[in-house]
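These notes concern the structure reproduced below.
The values are calculated or read from the model by the stated rules, or taken from the named source; none is laboratory data. Just so we're clear, the structure is a prediction, and the values are computed from it rather than from any experiment. In this analysis, Cβ positions are derived from the backbone assuming ideal geometry, glycine residues included, and neighbour counts consider all displayed protein chains.
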């Protein structure tokens, strides 16, 4: 160790390099430690904007005219009391849209509508709204608020895991539409922090649109 | 302790990187090709019976199969060879096998004398490149119509019909010619080998069928003006014919080439001079030429030279065909004898290997970063503190 110290002491460039390395490591550490916090803050700010948008008369009017919402715009509010989940879901599942925490698969029906309504949400970072979806059990309720009213789904089966392509044993994707059925599908990465699989929660509609949100 | 730290650092780095590494799916279509070649040296029709001599065939496929066949005389054991292999680094061959040809028809047996019929085959697959070669030949075909003619009513009728012609002809040349029909060997055919080969190299698949030159002598040892002649009355020389198809394994394109046989007809100089005929006539492709001086005689003969064709088949392969030479000989003698020579066909085709670009499987969206990020951050922070301490120590000592 003394030899190393003597080596560093004798060379000015080595001392500068050591100082530089120390600074780089410090910056990297701050970045890694601060990134999840940053995403949470970012998601919180987006949710504030979405909540405001969700409550606006313009949004209600647009929704009622059945116009397709733009990717990143507010679409519905999802509430799952069991896991303290209450976030506004945006339209789209692009990385940018999902900074809001949860997004609606554009190819699937609008919330509460006939078919397979699918929503993806973060399990880590960006507010991690779906962090505990693996704790849901059959019978747990999921509520969706829309400008047309609210509907309630009941978890119909225990959460299950699929590969990232979402294919089930019958070859169909978990987000494929199912006309004639009223189904809600939630997807998220599994296990937490890994993209190797997806966890899927299936729920069926138990209470259709009622009242006005 | 330092070692433990290094291992821990590597482990953390690995955990951080792992979620971001995912191999894309890909799908490949392997290369397919097939090459065929077939050649026939001689097809003979006499007395209503078809006989095939010197036929060969070769075939290879991208399934690493190679097959070659040869037949000195079709369907006659002892003249037939066959070799076949399947799989890489395999080989098989049958050395030259010969036997005297056999004729089932007694009347034909009296008429024809067939020489030794031979064939050989060789196949191999080496370095995933299959090759196949088949060769077949018949030494000679001789026709002695004189014995048949003298014993049949046709012969006496022919003599009666021809008598006035021979007596009216002043130089007796034609008469000598007709006398030769009854008194000497009528026909001698020397046929070359038919070789069919398909070879595969790194960049190409080549199918090639070749038939060697053949010589047909009508009345090979005639008697003219009472003297034996060393020149046949008529000599028909059929040149080599070849059909070739080359397939480019990289582009998937195939190129055919055809080299049909040319035919040269030579007439005995004395006969040519006596009858005022050209001593040599060349027959090029797509021509139908009567042999000069034979019309109206028992030697009435005609030569038809086929052309070369190239065809693109429905499956995308191409075929090159040298249509061969058809010679109707001695039509004045019991219907005559028909020879089809120099028929060669080569075809090849395939599809190059297609390596499709990695297909990105539609995936459900990623919804989360690694929970190890804060741990990695803590490790980096620890390292930063250690390095900072070391830096301060170096500066303090100084």
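A few notes on this one:
- Between B:277, B:339, B:299, the distinction of being more than 26 Å from residue B:53 (Cβ to Cβ) and away from every other protein chain (no Cβ under 14 Å) belongs to B:277 only.
- Hits in the range B:375-388 - residues which are without any contact (Cβ under 8 Å) to a residue 40 or more places away in the chain and surrounded by fewer than 16 Cβ atoms within 10 Å (Cβ to Cβ): B:378, B:382, B:385, B:386
- Selected residue [more than 25 Å from residue A:181 (Cα to Cα) and in contact (Cβ under 8 Å) with a residue 60 or more places away in the chain] from A:64, A:99, A:79: A:99
- Listed here are the strands (runs of 3 or more DSSP E) enclosed by the range A:96-213 that have at least 1 residues being under 14 Å from the mean Cα position of the chain (by Cα), over 26 Å from residue A:52 (Cα atoms) and within 11 Å of chain B (Cβ to nearest Cβ): A:182-190, A:197-210.
- Count - residues of the range A:40-62 that are modelled with pLDDT under 90 and surrounded by 20 or more Cβ atoms within 10 Å (Cβ to Cβ): 1
- Scope the range B:229-269; condition surrounded by 18 or more Cβ atoms within 10 Å (Cβ to Cβ) and farther than 20 Å from residue B:188 by Cα; matching residues: B:241, B:242, B:243, B:244, B:245, B:246, B:247, B:249, B:254, B:256, B:258, B:260
- Test result for residue A:76, crowded, with 19+ Cβ neighbours inside 10 Å, within 12 Å of another protein chain (Cβ to nearest Cβ) and not in a helix (DSSP H, G or I): no
- Being surrounded by fewer than 23 Cβ atoms within 10 Å (Cβ to Cβ), out of contact with any strand residue (DSSP E or B) (no Cβ under 8 Å at 6 or more places or on another chain), without any contact (Cβ under 8 Å) to a residue 12 or more places away in the chain and farther than 22 Å from residue B:112 by Cα is a property that residue B:314 has.
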